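Remarks on the structure that follows.
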Amino acid sequence: MNPIARTLLKIQLCLAAVGIAFSLCAEDRGLVDTTSSSSAQIRTVSLDEAHWTRGFWADRFELCRTQMVPSMTRLMEGTNYSQFFRNFEITAGIVKGQSHGATFNDGDFYKFLEGASATLAATNDSALQKKLDDLIAVIAKAQETNGYIDTWIQLHQRGGETNIAPFQNPEHFEMYNFGQLMTAACVHYRATHETNFLAIACKAADFLCESFENPTPALANNLICPSHYMGIVELYRATHEPRYLDLAKKFFAMRDLVKDGGDDNQDRIPFQQQDEAEGHAVRANYLHAGAADLFLETGDAHLWRSLSEIWTNVVTKKMYITGGCGALYDGASPDGSKDQKHITRVHQSYGRNFQLPNTTAYNETCANIGNVFWNWRMFLASGDARFMDVVELALYNSVLSGGALDGTNFFYTNPLRVTDPMPVDLRWSRQRVPFVGSFCCPPNLLRTIAESSDYAYGKSSDSIWVNLYGGSSLATKLSGDTEVKLSQETDYPWNGRVRIKIEKCGQDPFALKLRIPGWVKSASVRINNGAPDISARPASYFEIRKAWKPGDFVDLDLPMPVRVMEANPLVEDDLNQVAVQRGPVVYCLESPDLPAGVKISDVRIPADMHLTARYDRWLLNGVVVLEGRALAQSQMDWNGTLYREMSRAELNPCNVKFIPYSVWQNRGRSEMTVWLPRAN
Ligand SMILES: [Zn+2]
């Protein structure tokens with residue numbers, strides 16, 4: 001942003017703060033905007049530059065626009081389940097009432113506003129924009145004159161609870177709420193060019209700058225569930241206000257003030273000394289994403305060292321095959337440590353290395369989305385395709401699994417195996433439900449789907465990076481203001497053939513960089529029906545640099561044979577078992593697809609099993625299923641028995657049909673498993 005535009009933005013923010021609405025033609029409008037980030041290798045494209053047009057992601061975006069946004073608007077405005085918007089209305093003095101709901105409801109309401117704003121960038125839906133403006137006006141009215149805003153605290157104070165005050169109890173989740181406010185306001189600003197929401201976020205950030213001027217250990221304790229690192233850095237990017245970057249640095253340094261910290265909030269040891277993912281997986285991944293944001297702005301090599309080591313720990317020892325994070329419901333961390341005095345209680349937590357239970361896997365949808373946020377920023381900092389592999393893996397599997405195909409029911413946890421009966425009674429439902437008391441995941445999923453097209457492309461000075469495949473269009477500018485328009489056509493992830501067509505370009509050469517996923521064995525690239533080039537390597541970007549002409553096209557072929565996977569033998573829960581994957585999609589076996597009388601636990605997979613891929617347009621809104629013949633052994637009644645002499649019952653052939661893991665449990669109560677024992 002040039003100095004004149006920056007000054008103009010400041011004037012407009014001041015006017016917006018006193019209620020005079022203004023819009024700005026923003027220059028920098030990506031979801032995570034790295035246009036001016038000193039350590040970014042990749043610049044993001046603006047929210048309105050990349051759109052899904054047809055196919056898998058276009059269908060998800062349409063579901064988000066037509067089902068998720070309207071139904072969540074009703075839920076957030078209503079009071080049937082909890083109070084989200086109503087708490088703001090009461091705080092603003094518009095209606096009478098009392099605070100109701102969790103301390104983090106404000107933050108989850110902001111996430112919903114962010115997702116709804118992102119859909120505006122693609123749809124220009126004036127009715128939705130008006131609705132958002134109305135909601136934002138009430139938030140502005142609820143904000144204190146000093147910039148503080150947290151309805152739970154404000155309403156409890158007004159209710160006479162004199163012992164309630166800002167930033168005194170980490171369980172009040174104020175910093176989480178502030179962080180989500182800042183991120184949501186940036187996305188709203190970039191999607192709509194309006195500064196009304198951004199002005200609220202700036203006023204709140206100014207309050208934080210003042211309140212945390214001289215941090216104490218007690219204040220530092222409040223940096224819990226840290227969405228605020230991402231939020232304040234993004235606000236710095238949106239406004240170019242250096243105090244906000246200083247505050248981000250201060251927040252990070254403050255972590256070291258925490259006394260008697262633990263892995264439940266990753267403050268047992270300083271971040272720069274961390275080399276493993278420990279503790280609460282949502283908080284850990286938000287912290288990692290925030291640290292990556294700070295690295296993008298500062299280039300601090302200590303941050304990158306820790307991030308790289310933690311990342312290697314996660315992908316080689318702690319991440320599920322679905323990209324899910326957080327193996328444990330409840331535990332102690334660092335579990336098994338020789339240094340017992342530093343062990344603390346943790347919940348929804350990363351486990352020990354290779355501790356990846358399937359039935360009791362937690363994998364909160366928010367942790368899996370946090371994995372996307374983190375890896376996206378690592379990619380922006382490096383251009384390394386391995387990070388986009390994780391983004392893709394998580395999106396197709398452990399993120400989309402968080403929502404039902406109807407767009408209105410949600411999982412909180414994402415296990416890899418569900419049996420009937422379950423071995424243990426767990427506190428979260430095995431079925432997707434419209435509401436849970438911790439309503440953090442549904443609006444998180446909504447915003448991730450609404451913003452998914454922004455992950456599909458990136459830019460560097462004379463290159464366009466194609467990160468995700470899906471029917472889409474891109475209209476952007478490269479350096480020198482050269483306009484480039486391209487379109488992408490593909491049935492990915494159901495097959496790996498992709499055509500990218502140049503619709504508009506300048507005279508100067510530029511590069512198309514095509515992501516070759518790590519699971520590919522042999523990719524081929526053809527330009528304008530020319531000879532195929534098979535030199536592309538997996539887990540890299542294949543560069544085609546030339547002077548393009550409108551009408552030029554590139555055909556990329558990423559063959560997708562069915563892959564039967566096995567886990568490192570140190571993963572006890574997967575020992576002698578296999579899972580099935582095709583392209584980026586992880587498959588599962590669900591009980592409705594088994595012959596009558598066969599249970600999930602009966603099925604064995606022969607080493608030479610052949611699976612055939614078939615697109616079934618009538619099943620689960622259209623999916624590729626994998627069909628073959630496995631073996632089944634009927635189980636004797638184990639009731640009351642823990643061990644017995646091995647059964648030698650015969651194995652009988654059994655037809656099986658695998659479906660994508662993300663769409664399981666859309667046909668009522670069922671059994672499901674990703675990992676299955678080998679027959680031989
Ligand atoms: Zn969640």
Nonlocal amide H pairs with A332, under 5 Å, H built at 1.01 Å: V346
Normalised by the residues of the range 245-374, what does the relative contact order come to in percent, with Cα pairs under 8 Å and at least six apart? 30 percent
Calculate the FRET efficiency for H347 and S126 from the Cβ-Cβ distance with a Förster distance of 51 Å, rounded to the nearest 0.05. 0.70
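May I ask you to compute the full-extension gain from Q98 to A253, defined as 0.36 nm times their residue separation minus their alpha-carbon distance, rounded to one decimal in nm?
Contour length minus Cα-Cα distance gives 52.1 nm.
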Leaving ligands and nucleic acids out of the surface, order R515, R345, R54, R678 by accessible area at 1.4 Å, largest first. R345, R54, R678, R515
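Going from most exposed to least, what order do H156, H342, H302 have by accessible area with a 1.4 Å probe?
H302, H342, H156
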Under 8 Å for C-alpha pairs, at least 6 residues apart: give me the relative contact order for the chain, rounded to a whole percent. 13 percent
Determine the shape class of the range 348-405: with a ≥ b ≥ c the square roots of the Cα gyration tensor eigenvalues, call it rounded for a/c under 1.5, and otherwise prolate if a/b is greater than b/c, oblate otherwise. oblate
Whole-Hz Karplus couplings 3J(HN,Hα) for the range 465-477, θ = phi - 60° and coefficients 6.51, -1.76, 1.60, Gly and Pro as x, run 9, 9, 8, 10, 9, x, x, 7, 10, 9, 10, 9, 10
May I ask you to give the percent of accessible area on the range 358-399 that is carbon plus sulfur, with a probe radius of 1.4 Å? 47 percent
Please give the peptides 596-606, 635-645, 418-428, 657-667 ranked by average Cβ packing (other Cβ atoms within 10 Å per residue), highest first, as a rough proxy for protection. 657-667, 596-606, 418-428, 635-645
Using the Karplus curve 6.51 cos²θ - 1.76 cosθ + 1.60 with θ = phi - 60°, work out ³J(HN,Hα) for each residue of the range 667-680 in order, rounded to whole Hz, and write x for Gly and Pro. 10, x, 4, 7, 9, 7, 8, 8, 9, 9, x, 6, 7, 7
Once both label points are put 7 Å beyond Cα along the C-beta direction, the R386-N568 separation in nm becomes 1.3 nm
Please compare each pair in K111/K250; K317/K341; K513/K657; K111/K141 to a cut-off of 27 Å on the Cα-Cα distance and tell me which ones are over it. K513/K657
Run the simple label-point estimate for R243 and D260 please: 7 Å along Cα→C-beta, distance reported in nm. 3.5 nm
Take the alpha carbon gyration tensor of the chain, find the square roots of its eigenvalues, order them as a ≥ b ≥ c, and report rounded if a/c is under 1.5; if not, report prolate when a/b exceeds b/c, else oblate. oblate
Tell me whether the range 495-630 comes out rounded, prolate or oblate; compute the Cα gyration tensor, take square roots of the eigenvalues as a ≥ b ≥ c, and use a/c under 1.5 as the rounded threshold. prolate
Going toward the positive end of the dipole of the range 141-244, with +1 on Lys and Arg Cβ and -1 on Asp and Glu Cβ, which of H156, M230, F197 do you reach last? F197
Amide H within-cut-off set for G403, under 5 Å, with H built and near neighbours excluded: F411
Using a Förster distance of 25 angstrom, determine the FRET efficiency expected from the C-beta separation of L642 and D425, and round it to 0.05. 0.90
Enter the Cα centre distance for the pair the range 523-578 and the range 612-666, rounded to the nearest angstrom. 29 Å
Carbon and sulfur together cover what percent of the accessible area of the range 166-301 at a 1.4 Å probe radius? 47 percent
The range 438-493 and the range 196-215 have their Cα centres apart by a whole-number Å value of 31 Å
Residues whose built amide H sits under 5 Å from the amide H of R604, excluding neighbours closer than 5 in sequence, are L631, A632, Q633
Calculated FRET efficiency for the pair K549/D462, C-beta based, R₀ 25 Å, to 0.05: 0.95
What distance in nm separates the simple spin-label points at T312 and E210, each placed 7 Å from Cα in the Cβ direction? 4.7 nm
So, with +1 on the Cβ of K and R and -1 on the Cβ of D and E, and no other charges, what is the size of the charge dipole of the chain about its Cα centre, to the nearest 20 debye? 1040 debye
Contact order normalised by length for the range 572-670, with contacts defined as Cα pairs under 8 Å and 6 or more residues apart; what percent is it? 33 percent
Karplus-derived HN-Hα couplings along the range 519-531 (A = 6.51, B = -1.76, C = 1.60, θ = phi - 60°), whole Hz, x at Gly and Pro: 7, 6, 8, 8, 9, 9, 10, 10, 10, 6, 6, x, 5
Please give the peptides 123-134, 307-318 ranked by average Cβ packing (other Cβ atoms within 10 Å per residue), highest first, as a rough proxy for protection. 307-318, 123-134
Rounded to the nearest 10 Å², what accessible area does C366 show when all protein chains are kept and the probe is 1.4 Å? 0 Å²
Cut-off 18 Å, label 7 Å out along Cα→Cβ of H610, residues of the range 640-680 by amide N: 653-658
Can you pull the accessible area of S473 for me, 1.4 Å probe, Å² to the nearest 10? 40 Å²
Fraction of beta bridges assigned by DSSP in the chain that are antiparallel (%, nearest 5): 95 percent
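The values are calculated or read from the model by the stated rules, or taken from the named source; none is laboratory data. Here the structure is a predicted model, which is why all the values come from computation and not from measurement. Positions of Cβ are backbone-derived with ideal geometry, glycine not excepted, and every protein chain shown enters the neighbour counts. Note: areas computed on protein heavy atoms with side chains; ligands, DNA, RNA excluded. Shrake-Rupley method; radii C 1.70, N 1.55, O 1.52, S 1.80 Å.
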